[in-house]
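Just so it is clear, none of the values below were taken in a lab; they were calculated from the coordinates. Worth saying up front: this structure is predicted, and the values here are computed from it rather than measured. Using ideal geometry, Cβ is built from the backbone for each residue, glycine included, and neighbour counts are taken over all protein chains shown.
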Amino acid sequence: MPSNTTDKPLISVIVVNYRVPDCLKEMIRSLQDAALFDKTEIIVVDNASGDCSQQLITSEFKEIKWIQLKNNIGFGKACNIGVQNARGEYILLLNPDTVVAQNTLSVAVNFMESNPGAGIMGPKILNPDGSLQPGCRRSFPTPEIAFYRFSGLSRLFPNSPRFGKYNLSYLDPEKPAEVDAISGSFMFIRRKLYTQIGGFDEQFFMYGEDLDLCWRIHESGYAVWYNPKTQIIHRKGRSSARNLIRSRIAFYEAMVIFSRKYRHKRGGFFPDWLIFFGILLQASLNIGTTLIGHFIAAIIDLAIINTTLMVGITLRFTSSHNPYCNSFLQVFTVHLLISASFIFMFAYNGIYSKKKYSISNALLSGFLASLIFFASVYFIKTVAFSRIVFAIAAPLITILLVGWREAIPKVVKFKQLVFSPDRVLVVGNGPVASAVIRQLEEQRSGKIQGILWSNGEPSPGEYDGYQVLGPISRLPEVIKNNKIDVLLIATDLPWYSRVIETLSKKRLKNLTIRWVPHEIFEQQKDLLPSEIKLNTFSV
């Protein structure tokens, strides 16, 4: 950061936060490790998170400029407010779920100063497995390009300049290229240009504003560049079903806005209704798939509920008196009542939430659902054709619904015991690293393959009973040679660039990266918690 408030920073980093303080912390720490951080200011615009984000961040990072908004006004509008308070020559619009490399800021500045015609630059963006995140360079969407994308032709022929145009997959990812657009997760732009074109169009609430900004940069006579000379990691966090569906809707709304705004400028010949229908069709398929994925537990419950009831009724009645043949409407009503009773009560008591689920809560919910079902059958006489079946089925359903939830973790734990344990590489030394090693040994959650020494001191041959495989600079080599499943980082020394360098060299399948939260290192040795909770993202 600049030495005092009167020094004008070279770079102003604008971050929009919404309920992700843990990600934001890691992003800020990676910036602190970067070259040119001493010429950088960080402005966080909080979109009315309503949590403890401000307290957590400002208490640790005193130099952060925090702008607290009363309402969630959208990403683009929040960025504009951040830029209005910025003083740097360059603006970096950065997502909080990113981690930058040590050379990211310096490479960005050098590139812009060496290319005066460049208006905005984006880096090579990596997924946590080291693969290229396709959206870091792309074309403007047209009906033709979108058709190739959604029909699967772009995946079948990624190297074709025609079919691979959506994400420009035919370009060499290791070579800089002038492109239509870059990802909104990292946009390095001249502040003068951002102000000149009016910043983000605020009619885009979320999504689409990055495409729109790149379009107007092209119109102003500047170029949009993809520059792989530096890399960042972009971790896309998991959201609840409600937030994810809302996010999907916002994305397709943005596509409609973008299409209407620029369709005629691109000389398109497709009518508005056809473009809108295509977006609506894709949105329906996408959101439908998302719903199925998030409500899979409820779908399994429905299958168990109705299968159990159907088996009970079939066994109770002979084929000539089977209600499924003679009284379908009444049987359908019974299935509807018992399904609604259990799903409603489970949802109401939070059984579909990991935080609220417990065996006792699930059993209580099943008992209450059974009472609701029995009461419904009692008052609707036409469906009370077998109280014996209902009396047996309801508690049996409760047992089965709890049973499958308890069985899956047991199966997973059994597989961990039967099959080879995870191969763990620990990076770090000192009291915290030793505590983490003991924790691994007690939990038997992985087999430690060795230790990487994190500081500059000469490394011993052994540490806490495990072989020291060398310094952290050997990270890529050690992971490759030892087929590591879990990379466990137990050091407070800078490690972000090492991990980014490792991922950029080789795609790593099924690798989990876990690290000790920074706050743990500030505690005294005798005050360390008995169980250290680790941050995680999986590959």
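Computed from the coordinates I sent, P(r) over Cα pairs in 10 Å bins from 0, in percent equals one of (1) 3, 16, 23, 20, 15, 11, 8, 3, 0; (2) 3, 14, 15, 15, 13, 11, 8, 6, 6, 5, 3, 1, 0; (3) 3, 14, 21, 22, 19, 13, 6, 2, 0, 0. Tell me the label.
(3)
Rounding to the nearest 10 and keeping the result within 0 to 90°, find how far the Cα-based axis of helix 328-348 lies from the longest principal axis of the chain.
Helix 328-348 sits roughly 40 degrees off the main axis of the chain.
With an 8 Å Cα cut-off and a minimum separation of 6 or more residues, compute the relative contact order for region 423-538 in percent.
Contact order relative to length: 28 percent.
Can you compute the charge dipole magnitude of the chain about its Cα centre, using +1 on each Lys and Arg Cβ and -1 on each Asp and Glu Cβ, nothing else charged? Give it in debye, rounded to the nearest 20.
The dipole magnitude comes to about 1460 debye.
What FRET efficiency would be calculated for the residue pair GLN330, SER151, taking the C-beta separation as r and a Förster radius of 45 Å, to the nearest 0.05?
According to the calculation, E is roughly 0.45.
Hey, what angle do you get for helix 209-219 against the long axis of the chain, alpha-carbon based, 0 to 90 degrees rounded to 10?
The angle comes out at about 40 degrees.
Within 10 Å of each residue's Cβ, count the other Cβ atoms and sort SER434, SER360 from fewest upward.
By the 10 Å Cβ count, ascending: SER360, SER434.
May I ask you to derive the FRET efficiency for ARG438 and SER106 from their Cβ-Cβ distance with R0 = 41 Å, giving the value to the nearest 0.05?
Approximately 0.55, to the nearest 0.05.
By its C-alpha gyration tensor, with a ≥ b ≥ c as the square roots of the eigenvalues, how is region 423-538 shaped: rounded for a/c under 1.5, else prolate for a/b larger than b/c, else oblate?
Judged from the Cα gyration tensor, region 423-538 comes out rounded (a/c under 1.5).
Report the one residue of PRO123, THR230, LEU213 whose Cα lies farthest in the direction of the positive end of the charge dipole of the chain (charges on C-beta: Lys and Arg +1, Asp and Glu -1; origin at the Cα centre).
With unit charges placed on the Cβ atoms, the residue in question is LEU213.
What ranking do 344-352, 53-61 get when scored by the average of other Cβ atoms within 10 Å per residue, highest first?
Per-residue mean Cβ counts within 10 Å order the peptides as 344-352, 53-61.
If neighbour count is taken as other Cβ atoms inside 10 Å, put VAL436, VAL402 in order from fewest to most.
Ranking VAL436, VAL402 by Cβ neighbours within 10 Å, fewest first, gives VAL402, VAL436.
Under the rule of -39500 (n - 2.57) per DSSP H run of 4 or more residues, summed and divided by the residues of the chain, what mean residue ellipticity at 222 nm is obtained, to the nearest 500 deg cm²/dmol?
Working: 18 runs with 245 residues, N = 539.
-14500 deg cm²/dmol, from helical runs alone.
For SER59 and ARG474, compute 0.36 nm times the residue count separating them, minus their Cα-Cα distance, and round to one decimal in nm.
145.9 nm
Rank-order 385-396, 80-91, 183-194 by packing density, defined as the average count of other C-beta atoms within 10 Å over each peptide's residues, highest first.
183-194, 80-91, 385-396
Can you tell me the dipole magnitude for region 423-538 around its Cα centre, using point charges on the Cβ only (Lys, Arg +1; Asp, Glu -1), in Debye to the nearest 20?
Details: 15 positive and 13 negative charges, 161 e Å.
About 780 debye.
As I understand it, the dipole of the chain uses +1 on the Cβ of Lys and Arg and -1 on the Cβ of Asp and Glu, about the Cα centre. Which of SER339, PHE111, GLY366 lies farthest toward its positive end?
SER339
Classify region 296-417 as rounded, prolate or oblate from the Cα gyration tensor: take a ≥ b ≥ c as the square roots of its eigenvalues, call it rounded if a/c is under 1.5, otherwise prolate when a/b beats b/c and oblate if not.
prolate
Given a cut-off of under 8 Å on Cα pairs at least six residues apart, what relative contact order in percent is computed for the chain?
Averaging sequence separation for qualifying contacts and normalising by length gives 12 percent for the chain.
Helix 241-262 sits at what angle to the longest principal axis of the chain, using alpha carbons and giving 0 to 90 degrees rounded to 10?
Helix 241-262 sits roughly 50 degrees off the main axis of the chain.
Tell me which of CYS23, VAL45, THR318 sits at the most positive position along the dipole axis of the chain, charges placed on C-beta atoms (Lys, Arg +1; Asp, Glu -1).
THR318
What does DSSP give for the chain in terms of the percent of beta bridges that are antiparallel, rounded to the nearest 5? It would help to have the intermediate numbers written out before the result.
Numbers: 21 of 60 bridges.
Close to 35 percent.
If you average the sequence gap of Cα pairs under 8 Å that are 6 or more apart and divide by the length of region 296-417, what percent do you get for the contact order?
30 percent
Work out the length of the dipole vector of region 296-417 about its Cα centre, built from +1 on the beta-carbon of each Lys and Arg and -1 on the beta-carbon of each Asp and Glu, and round it to the nearest 20 debye.
Rounded to the nearest 20 debye, it is 360 debye.
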